[in-house]
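The values are calculated or read from the model by the stated rules, or taken from the named source; none is laboratory data. If you're wondering where the values come from, they're calculated on a predicted model, not measured in any experiment. Using ideal geometry, Cβ is built from the backbone for each residue, glycine included, and neighbour counts are taken over all protein chains shown.
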Amino acid sequence: MERRVVITGMGIYSCLGKNLDEVKQSLWDGKSGIIFDPVRKEMGFRSALTGYVDIPDLKKELSRNQRVYMPEQAKYAYVATAEALKNAGLSLDYLESHEVGLLYGNDSSAEPVVNSVDKMREKKDTTLIGSGGIFQSMNSTNTMNLSCVFKLKGINLTVSGACASGSHAIGLGSLLIKWGLQDIVVCGGSQEINPYSVCSFDGISAFSMRESDPAKASRPFDRDRDGLVPSGGGATVVIESLESAKKRGAHIIAEVIGYGFSSNGDHISVPNVDGPRRSLEMAIREAGIDKRQIGYVNAHATSTHVGDQNEAKAIAAVFDDYKPEVTSTKSQTGHEMWMAGASEVIYSTLMMHNDFIAANINFENPDEDSAKLNIPAKRIDKKFDTFLSNSFGFGGTNSTLIVTKFVE
């Protein structure tokens, strides 16, 4: 018999706040985390818009040897994971004496590569790059660092699935638990925010040019959207089997009941309708529920014309005459990329437990496709027990998660 998978811990470090309480308040207030970064303009960016997050100072928490291996995004991941483990009641002693797994999303580590190459070109001596450059620049930097710092001894794997990475990490972790291969898995995703990590996106005109009013720039589903806004941070979700949670006496936050996935098998950067539709349908089928039980949909919608358009078509096709509230929290955060699938599960869970749906801010005029969805432009008070969260990425990778309030 497949085991039930529950969420027992969450941690977040985003442009909406540095912990769960701050983020919950920002969602409630409809606060935007988008700023104008003049440094990007000086570097030659078309758009200087970005989500803003302080790089945490970990001198009081980690040794110099630990910190030297951590690039920006691993520091975000550390802060989010520390909060999630505390939230889950998991001590270092417990982690060291049990096989706790780690699946974490990451799909770039640009700045350390740039720094290493610059140093080599300047000094003409590779020995001056330093050992930290190796571990900072590898795509698996998050899982390498987190597994060592937190003494994690189960599966240790980076999930690299573009902007669906964080969602796939949770989904794959849930399968390992269902099948009895792991009791607890630390899942999540983090995203570096430095300019080097997104300059190529800017170069293909992917970003909004609405620089005069940064808070208005990210406009998922709005007719007048003109591109996404890059963002980042870290988000961690601790999932475990129901049996493990009960044995530990853990507080159960929610339950992961559905994971759907698909590939578009089409264009490398232009999404279609069929792939996302199949991902949604699979998640609902695997959850074993009627679609009318889903009280809220957290859309992937990044504020690009084709992406939002095709997701709206897919959602409308799957839900037909039933119209649950649909919003994209990216209207507040911008696109958190590799972390987005994990952070949006946290955002949605916070809303579910506090009986509200955050506004899809900047949604002023629907287009032909978004008009078919129920998109609230203002925060609404609503009790809901189940939500669906979409995450899609370059290469046509799609992930859909369904999470519900825990019922014995």
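Of all residues in region 357-408, which are within 20 Å of Ser26 (Cβ to Cβ), assigned to a strand (DSSP E or B) and either polar (S, T, N, Q) or touching a residue at least 40 places away in the same chain (Cβ under 8 Å) (or both)? Across region 357-408, the qualifying residues are Ile357, Ile380, Phe387, Ser389.
The one condition from (1) outside any loop (DSSP other than H, G, I, E, B); (2) out of contact with any helix residue (DSSP H, G or I) (no Cβ under 7 Å at 6 or more places or on another chain) that Asp57 does not meet is (1). Screening Ser331, Ser269 for residues that are out of contact with any strand residue (DSSP E or B) (no Cβ under 8 Å at 6 or more places or on another chain) and under 30 Å from Gly17 (Cβ atoms) leaves exactly one candidate, Ser331.
Using beta carbons and a limit of 6 Å, which pairs, at least six apart or on different chains, have the first residue in region 136-160 and assigned by TED's automatic domain parsing to the domain that holds Arg67 and the second one of a type in the set (Asp, Glu)? Within 6 Å, the pairs are Lys151/Glu96; Lys153/Glu99; Gly154/Glu99; Ser160/Asp107. Whether any residue in region 275-288 is β-branched (Val, Ile, Thr) and out of contact with any helix residue (DSSP H, G or I) (no Cβ under 6 Å at 6 or more places or on another chain) is what I want to check. Taking every residue of region 275-288 in turn, none turns out to be β-branched (Val, Ile, Thr) and out of contact with any helix residue (DSSP H, G or I) (no Cβ under 6 Å at 6 or more places or on another chain). For region 151-171, a residue qualifies if it is of a type in the set (Gly, Ala, Ser) and out of contact with any strand residue (DSSP E or B) (no Cβ under 7 Å at 6 or more places or on another chain), and exactly one does: Ser160.
Only a single item in (1) aromatic (Phe, Trp, Tyr); (2) touching a Pro at 6+ places or on another chain (Cβ under 9 Å); (3) surrounded by 18 or more Cβ atoms within 10 Å (Cβ to Cβ) is not met by Tyr69, and it is number (2). Return the total of residues in region 30-75 being touching a Cys at 6+ places or on another chain (Cβ under 9 Å) and small (Gly, Ala, Ser). Here the count works out to 4. Residue count for region 14-31 satisfying the condition of being touching a strand residue (DSSP E or B) at 6+ places or on another chain (Cβ under 9 Å) and among the small types (Gly, Ala, Ser): 2.
Looking at region 26-46, I want the residues that are at positive phi and have a partner that is surrounded by fewer than 21 Cβ atoms within 10 Å (Cβ to Cβ) with Cβ atoms under 8 Å, at least 6 apart or on another chain. Which pairs are those? Every condition considered, the pairs that remain are Gly30/Lys378; Gly30/Arg379. Between Arg225, Arg210, Arg219, the distinction of being farther than 27 Å from Asn398 by Cβ, in contact with a Lys or Arg (Cβ under 7 Å, 6 or more places away or on another chain) and not in a helix (DSSP H, G or I) belongs to Arg210 only.
Scanning region 127-164 for residues that are of a type in the set (Phe, Trp, Tyr) and part of a helix (DSSP H, G or I) yields one hit, Phe135. The residue that is surrounded by the fewest Cβ atoms within 10 Å (Cβ to Cβ), among those in region 72-98 that are of a type outside the set (A, V, I, L, M, F, W, C) and within 19 Å of Val159 (Cα to Cα), is Lys75.
Please work out which residue is farthest from Gly334 (Cα to Cα), limiting yourself to region 215-226 and to residues that are among the small types (Gly, Ala, Ser) and buried (at least 24 other Cβ atoms within 10 Å of the Cβ). Result: Ala217. With respect to Ser212, is the statement that it is over 28 Å from Ile315 (Cα atoms) and either crowded, with 17+ Cβ neighbours inside 10 Å or among the hydrophobic types (A, V, I, L, M, F, W, C) (or both) true? No.
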